[in-house]
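Visitor: Here it is, the structure in full.
The values are calculated or read from the model by the stated rules, or taken from the named source; none is laboratory data. Source: prediction; values computed, not measured. Cβ sites come from the backbone with ideal geometry, for glycine too, and all protein chains shown count toward neighbours.
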Amino acid sequence: MARKILLMSMNVGGGHTALRDAFATSLQRLDPEGTRFEVMSIESRDEATLAFYKWVVRYLTPFQWVVHRFSDSELVLRMMMFKERHGLVVEAEELLRTHQPDVVVSTHLILTAALVYARNRLGSPAKVLTAIPDYGEPTSGFFPGRPSIRPDGAIAMEEVAHRAVVGFGHAPAERILLGGFLPRQPFELQGARLGDRRRLPPEERAALARSLVTEFPQLEAYDASRPTLIFLGGSAWTEKTLPVLERVLADRALADATNLLVVAGNNPEFHADLVRRTRGHATAMPFGFLAPEVLATLLALSDVPVLGSLAPATLHELLELRVGPLLLFHYIPGTEGPHVDYLHAQRLGLYEPDPDRMIHHVREALGHAPPSGPLRALMDGFGPAAAALREAHRERALALGPFLEQFVPDREAAAAEGLRVAS
């Protein structure tokens, strides 16, 4: 009998959903017939956390670090459980009753705490696991010591985070997995189109752009003979790259020689501002929120990314489409600080918060200026580094199934053993 696996995320950024979907992809690849796992993917109905998150992002960005540090306090998490008694906890109880999962995997620490709290209140046998999407040493809120909100196991997506959670000592090491990230299917399909190539040839790029022109007329301006710069940051953080974009637009020679793709995400105010700012620039193509299929196609059309944040999901989608080296202009305070160190350690890109120096790197990466020594090394080494990391994550992703199975005994074997004992 298949184990019932409930994969949960919250609407606080696409990275959580992408991680949830990566787990679903891992299980489907391991068990394509669905004989071992019955997988359900659900996003929480909670909107309050997203509203607070957007407010902090837009108006009080430095406070994001304080919010992150709050998750190091078990008292704060317990207070939130009390606050959410008519919110997340109620929803968690409803999900546990309705779906009766064997294992729940949650990609957000607040949701995880609510699920554990609800599980304990109901006396449900479900095991609850936390998935840690960010890199570096996590706060204790991801795996607290207090049993009332502590999950049964954890999945860390990077080595430092994995060692840290093992070091907390709240669970045996075998209950903490070093996981692997598999990009969503549209990105894998575009990656397969590339094969061993670093870039699609101009004629294939032109055909891809034409395939989207009916839905996105701005792509009429795409010229496959030009290098392509793409600005990304998820639903809230692309706006942080605006100082770099302004300098690109101000340099008419650079702008006219480059396809400029800017993905505002779920940020309609910034998208409207982009449309206004890029009016009169024939090579600039602003976009709003995009389906994964469209975003994967835009990455296949791109050469160099300028990033307003560095979420692991975005990182792996860029690696899958060989878009790099990664030029990181801004990162989310608190959660993404260690991502900068990871970017450098893996030799995948560089962090430069000064817009004038970043423009210099943009020109170098696009071929409009001779690359300096450090950037030349990144450009030469990006392909092999990206390929090695993709392969490592594919191997690690296949360990997810056996890891989840250890939390739930085989139902048929357990039933057979029960009959044997009874006889």
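Visitor: What residue, among those in the range 116-130 that are within 18 Å of Ala171 (Cα to Cα) and among the aliphatic types (A, V, I, L, M), is surrounded by the fewest Cβ atoms within 10 Å (Cβ to Cβ)?
Guide: Ala126
Visitor: With respect to the numbered conditions (1) surrounded by 20 or more Cβ atoms within 10 Å (Cβ to Cβ); (2) of a type outside the set (Asp, Glu); (3) not assigned by TED's automatic domain parsing to the domain that holds Met285, which one is the sole condition not fulfilled by Leu232?
Guide: (3)
Visitor: Taking the stated definitions as given, is Ser309 touching a residue at least 40 places away in the same chain (Cβ under 8 Å), in contact with a strand residue (DSSP E or B) (Cβ under 6 Å, 6 or more places away or on another chain) and in the same structural domain as Gly383 (by TED's automatic domain parsing)?
Guide: no
Visitor: Within the range 142-174, can you find the residues that are assigned to a loop (DSSP other than H, G, I, E, B) and surrounded by fewer than 16 Cβ atoms within 10 Å (Cβ to Cβ)?
Guide: Gly145, Arg146, Pro147, Ser148, Gly169, Pro172
Visitor: Here's a follow-up. How many residues, within the range 321-347, are closer than 12 Å to Tyr135 by Cα and of a type in the set (Phe, Trp, Tyr)?
Guide: 1
Visitor: Tally the residues that are part of a helix (DSSP H, G or I) and at pLDDT 95 or above, restricting the search to the range 209-240.
Guide: Looking only at that region, the number is 9.
Conditions (1) among the small types (Gly, Ala, Ser); (2) at pLDDT 90 or above; (3) touching a Lys or Arg at 6+ places or on another chain (Cβ under 8 Å), marked per residue:
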| residue | (1), (2), (3) |
| --- | --- |
| Glu94 | no, yes, no |
| Pro101 | no, yes, yes |
| His108 | no, no, no |
| Asn120 | no, yes, no |
| Pro125 | no, yes, no |
| Asp134 | no, no, no |
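Visitor: Looking at (1) closer than 18 Å to Ala397 by Cβ; (2) buried (at least 16 other Cβ atoms within 10 Å of the Cβ), which is the only condition Gln190 fails?
Guide: Result: Gln190 fails condition (1) only.
Visitor: Can you find, within the range 93-114, the residue that is surrounded by the fewest Cβ atoms within 10 Å (Cβ to Cβ) among those that are in a helix (DSSP H, G or I) and of a type in the set (Asp, Glu)?
Guide: Restricting to residues being in a helix (DSSP H, G or I) and of a type in the set (Asp, Glu), the top hit is Glu94.
Visitor: What is the one condition in (1) out of contact with any Pro (no Cβ under 9 Å at 6 or more places or on another chain); (2) at pLDDT below 95 that Arg396 does not satisfy?
Guide: Of the numbered conditions (1) out of contact with any Pro (no Cβ under 9 Å at 6 or more places or on another chain); (2) at pLDDT below 95, the odd one out for Arg396 is (2).
Visitor: Moving on to the next point. Give all pairs with beta carbons closer than 8 Å in which a residue from the range 365-383 that is free of Cβ contacts under 8 Å to residues at least 60 places away in the same chain meets a residue that is part of a helix (DSSP H, G or I) and aliphatic (A, V, I, L, M); count only pairs at least 6 apart in sequence or on separate chains.
Guide: Pairs that qualify, where the first residue is free of Cβ contacts under 8 Å to residues at least 60 places away in the same chain and the partner is part of a helix (DSSP H, G or I) and aliphatic (A, V, I, L, M), are Pro371/Ala365; Pro371/Met379; Leu375/Ala365; Met379/Ala365.
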